[in-house]
Amino acid sequence: MLTTRPRGTNDFLPQETEKWQLIEKILREICEEFDYHEIRIPIFEHTELFQRGVGETTDIVEKEMYTFMDRGKRSITLRPEGTASTARAYLEHKMSALPQPVKLYYMGPMFRYERPQAGRYRQFHQFGVEVFGSSDPGVDAEVIALAMAFYQRLGLTGLEVRLNSVGCPKCRPAHRQALQQFLKQDLEQLCPDCQGRYDRNPLRILDCKNPQCQKITAGAPTILHSLCPECVDHFAAVKEYLGMAGIQYQVDERLVRGLDYYTKTAFEVVVQEIGAQSAICGGGRYDGLMESLGGPPTPGVGFALGMERIFPTLATQGIELNPEKMLDVYLVAMEEEGQKKAFQLLMDLRKMGIKAEKDYMNRSMKAQMKAANRFQVKYVLIIGADELAKGTVMIRNMETSEQKEMMVADTLNFIEKAVK
Ligand code: AMP
């Protein structure tokens, strides 16, 4: 159907886009304050990047990727997330030669073939940060602080930070064994997905949303109790730094990130009020990622937050985003001659950096005044029959309803001073 967009995608009309731009502006400001720098990664990559960098056993790779052969018979995938590409770019551009850590951020569309519902789309947008090159637990706390600073600047309250450690390749095998041992007798009662995970990725069974699986795993050993001394220390330090940053968190021993490359810190920010899709941000440390891409061991930590989910969160908390008013000046003019004068003024105003607009529909004076009201401008410049005859412009201050008549050249000076 040519008049319907594909399932799971959205059009953002100008009014909404202005809110997105405001959010993007706040994100950029915060990144500047935190010394994070923007990277722009491709919308598509070689499929193998995500198979290796996201992990073969993840839902994303198993069933959610938009993968196709291009005309050169290469397997291409629309990016389902940003971490793998960012890590690939770090390796490709030898960013390890830069002063470490390298602190990056990105924002843009991601693609996953999911079942669309409120807050879950097939094309959605993420803002994410990645810090490469440092295993300092202070960085784990810093990225969480960055996410929370953003939500706070929007005015959101009552967000929960859930925190866990998923260990490292040293401590995970023992836990994996203990977990498999625990689940063994109930293996057949688990959902088909979890039965598949039992051998490949049993940690993820703890994360399953199926009530039957949750019942079975209720008393299962969690990784937090099998951490090696290094992971224990790291977790303790992250918690200490979070305390110093004034960030409250809850340890959630069952929090497991869906991706294979995560080590140590895993976290999520959730907001209860928005229903099923309550996770608004997720991230953690992924010290194993670079090696899984064939690079040298390089620690990394980051998160991605869902941009679409910000809006229902704001709405439930009664927060209205007020993007700056669009226009400073609206020009109202009569007759062809007046319209031409208005056009000249319009161009002169814009050269001065003033946001201005005029009528292009040959509307009546009354309809043009109505349009000026709709734009909520502070000043309306009127060139009616009287003004045309005298070569003047009537300046109307829409807030005070005061009017002043001026010559054209004075009008420009007056508006420049008044607006800037
Ligand atoms: P993930 O990359 O799966 O860790 O997701 C990080 C964040 O992106 C989540 O917390 C959500 O806020 C958002 N997100 C993930 N998948 C979707 C989706 N299909 N639609 C909208 N937002 C999403």
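List of remarks:
- Relative contact order of region 291-420, defined on C-alpha pairs under 8 angstrom at six or more residues apart (%): 22
- Among T58, T298, T400, the largest mean-square fluctuation in a Gaussian network model of the chain (Cα springs under 10 Å) belongs to T400.
- D (Stokes-Einstein, µm²/s), Kirkwood Cα radius, region 222-361, 1.567 mPa s at 4 °C: 64
- Listed by chain and number, the aspartates and glutamates whose alpha-carbon sits under 14 Å from that of K351, ignoring those within fewer than 8 places in the same chain, are D328, E416.
- Region 209-309: chymotrypsin sites (Phe, Trp or Tyr not before Pro) in DSSP loop, at most 15 other beta carbons within 10 Å: none
- Per-q log10 I(q)/I(0), the chain, q = 0.07, 0.10, 0.11, 0.13 Å⁻¹ (Debye; single scatterer per alpha-carbon; no solvent): -0.47, -0.78, -0.88, -1.10
- Cα-based shape type of region 329-415, given that a ≥ b ≥ c are square roots of the gyration tensor eigenvalues and the cut on a/c is 1.5: rounded
- Cα gyration tensor category, rounded, prolate or oblate, for region 14-152 with a/c compared to 1.5: oblate
- Scattering from region 1-73 was approximated by placing one identical point on each alpha carbon and applying the Debye formula without solvent; log10 I(q)/I(0) at 0.11, 0.21, 0.26 1/Å stands at -0.55, -1.05, -1.07.
- Beta bridges per DSSP with both ends in region 329-415, % antiparallel, nearest 5: 55
- In region 252-320, the GluC sites (Glu not before Pro) that fall in loop regions by DSSP, at most 12 other Cβ within 10 Å: E320
- Per-residue Karplus couplings for region 105-119, computed as 6.51 cos²θ - 1.76 cosθ + 1.60 with θ equal to phi - 60°, are listed in order as 9, 9, 8, x, x, 10, 10, 9, 7, 10, 7, x, 7, 3, x Hz, Gly and Pro entered as x.
- Modelled FRET efficiency - R0 56 Å, T400 with R40, Cβ distances, 0.05 increments: 0.75
- Each distinct pair of alpha carbons in region 142-228 adds a 1/r term; the inverse of their mean, the Kirkwood radius, is 14.8 Å.
- Candidate lysines - alpha carbon under 23 Å from K19, same-chain residues fewer than 8 apart omitted: K325, K355, K378
- Viscosity 0.890 mPa s, 25 °C: Kirkwood-radius Stokes-Einstein D of region 82-184 over Cα pairs, µm²/s: 143
- Restricting region 322-420 to chymotrypsin sites (Phe, Trp or Tyr not before Pro) that sit in a DSSP loop and have at most 11 other Cβ atoms within 10 Å of their own Cβ leaves Y360.
- Considering only the chain, percent of DSSP beta bridges that pair antiparallel, nearest 5: 80
FYI, it's all coordinate maths here, none of it is from the lab. Note that the structure is predicted; figures quoted are calculated from it, not measured. Using ideal geometry, Cβ is built from the backbone for each residue, glycine included, and neighbour counts are taken over all protein chains shown.
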